[in-house]
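Written out below as C-alpha cells is the structure these notes cover.
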Amino acid sequence: MCFPIREGIPGFLENEVVTGENKRYQSMYDHFAPLYDFSTWAYSCWKGMNVETRLREYLDELEVKDDDRVLEVSVGTGRNLQFLPRAAQYFGLDISWGMLKQCQRNASKWNLDIQLFLGNAECLPFKDESFDVVFHFGGINFFNDRAAAIREMIRVAKPGTKFIIGDENEELAQRYEGLPVMNGWYGNRAQAITAPVNLLPPEMQDVQVKDLAGGDLYCLSFRKP
C-alpha cells in the first residue's frame, strides 16, 4: 500500500471523500484544535475536578500493560495518553489534521512516544488483531456510520481485548444546544443520543454502560471473545 506522509504523519484520507457528519465535524475540530485542551480544563473545573481525575474515570477501565500496543481512535490532542503507562506502545488515529498537529505538539511537550495517523474510524488502516488495547472517547455520537467504526475497532483488536467507547449523553447535548456557539453542532440531531450498545456484535462479552461526570457522559465497556 502506498500512502502520503505529511510532517511525519501517514495519511489515509488521500483517496477517500469525507462526507456528511464526518466532514462537518472534521472541519469543526480542525478549527477548534488550538482551544481543545483549554476547553477540557475548563469543563473539568466546572465539574469540580482536575483534568487527570476526570479522565481517569474512564481511563482506569483500560487494561494497559507494559509493551502493549494501544490504539486510541479519535486521539484528538492526545490528552488521554498523558495519563496512561509509559511502557506501552501508543498509536493514535484522527480524521482531523488540526487535532493531530496539536497532538504532535503535546507529545513533544510530554515526552510521549506515539505514532499518529490521519484516517477514518470507519475504515481503519490496520491489520486484523494488531492491538492489545483499543479505545475511543469523544466523537462517535456524530460519526457517519457508528456501527462500522465499532466493527473496525473490534477487528483490529486481539481476542480478549477490553474496549471502552464513550461520548456525551443526551442531557449534556441538550444543554449545549442552548449555547449560541454550540447550537450549530448539537442542534437538529436526527435522534436522541444513547450509548451504542445495540450496535455491538452479539458475541461481545461483559457489556456494561455507566454514566460519568455526573451523568454528562456515557462509558460503554465490553470485551472481545
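The values are calculated or read from the model by the stated rules, or taken from the named source; none is laboratory data. From a predicted model like this one, the values you see are computed outputs, not experimental measurements. Counting neighbours? That spans all protein chains shown, and the Cβs are built from the backbone with ideal geometry, glycine included. For the accessible areas, the whole protein counts, side chains as well, though only heavy atoms, and no ligand, DNA or RNA atoms are used. Shrake-Rupley method; radii C 1.70, N 1.55, O 1.52, S 1.80 Å.
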Could you tell me whether region 210-225 includes any residue that is surrounded by 18 or more Cβ atoms within 10 Å (Cβ to Cβ), of a type in the set (S, T, N, Q), in a loop (DSSP other than H, G, I, E, B) and in contact (Cβ under 8 Å) with a residue 40 or more places away in the chain?
no
Within region 154-183, tally of residues that are aromatic (Phe, Trp, Tyr) and either buried (at least 19 other Cβ atoms within 10 Å of the Cβ) or closer than 17 Å to GLU72 by Cβ (or both)
1
Close pairs (8 angstrom Cβ cut-off, 6 or more residues apart or separate chains): without any contact (Cβ under 8 Å) to a residue 24 or more places away in the chain in region 157-177, part of a strand (DSSP E or B) anywhere
TYR176/GLU168
Listed residues LEU13, LEU84; which is under 19 Å from GLY166 (Cα atoms) and surrounded by 13 or more Cβ atoms within 10 Å (Cβ to Cβ)?
LEU84
Do we have any residue at all in region 60-74 that's modelled with pLDDT of 95 or more, within 23 Å of VAL181 (Cα to Cα), surrounded by 13 or more Cβ atoms within 10 Å (Cβ to Cβ) and not aliphatic (A, V, I, L, M)?
yes
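Restricting the search to region 163-204, which residues are aliphatic (A, V, I, L, M) and outside any helix (DSSP H, G or I)? Explain how you work it out, then say what you get.
Of all residues in region 163-204, those aliphatic (A, V, I, L, M) come to 164-165, 172-173, 179, 181-182, 190, 192-193, 195, 197, 199-200, 204.
Once the filter is applied, which keeps residues that are aliphatic (A, V, I, L, M) and outside any helix (DSSP H, G or I), region 163-204 yields ILE164, ILE165, LEU179, VAL181, MET182, ALA190, ALA192, ILE193, ALA195, LEU200, MET204.
Going by the conditions given, is ASP128 more than 30 Å from GLU170 (Cα to Cα), touching a helix residue (DSSP H, G or I) at 6+ places or on another chain (Cβ under 8 Å) and in contact (Cβ under 8 Å) with a residue 24 or more places away in the chain? Don't jump to the end; show me each part of the working.
Values: more than 30 Å from GLU170 (Cα to Cα): yes; touching a helix residue (DSSP H, G or I) at 6+ places or on another chain (Cβ under 8 Å): yes; in contact (Cβ under 8 Å) with a residue 24 or more places away in the chain: yes.
Yes.
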Provide a single number: the residues in region 103-153 that are more than 23 Å from VAL18 (Cβ to Cβ), open to solvent by less than 60 Å² (accessible area, probe 1.4 Å) and in a helix (DSSP H, G or I).
3
Quick test of your reading of the structure: ARG146 fulfils all but one of (1) farther than 25 Å from GLU57 by Cβ; (2) modelled with pLDDT of 95 or more. Name the failing condition by number.
(1)
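Here are LEU81, LEU35: which of them is among the aliphatic types (A, V, I, L, M) and either under 14 Å from the mean Cα position of the chain (by Cα) or outside any helix (DSSP H, G or I) (or both)?
Working: LEU35 fails: either under 14 Å from the mean Cα position of the chain (by Cα) or outside any helix (DSSP H, G or I) (or both).
After ruling out the rest, the residue left standing is LEU81.
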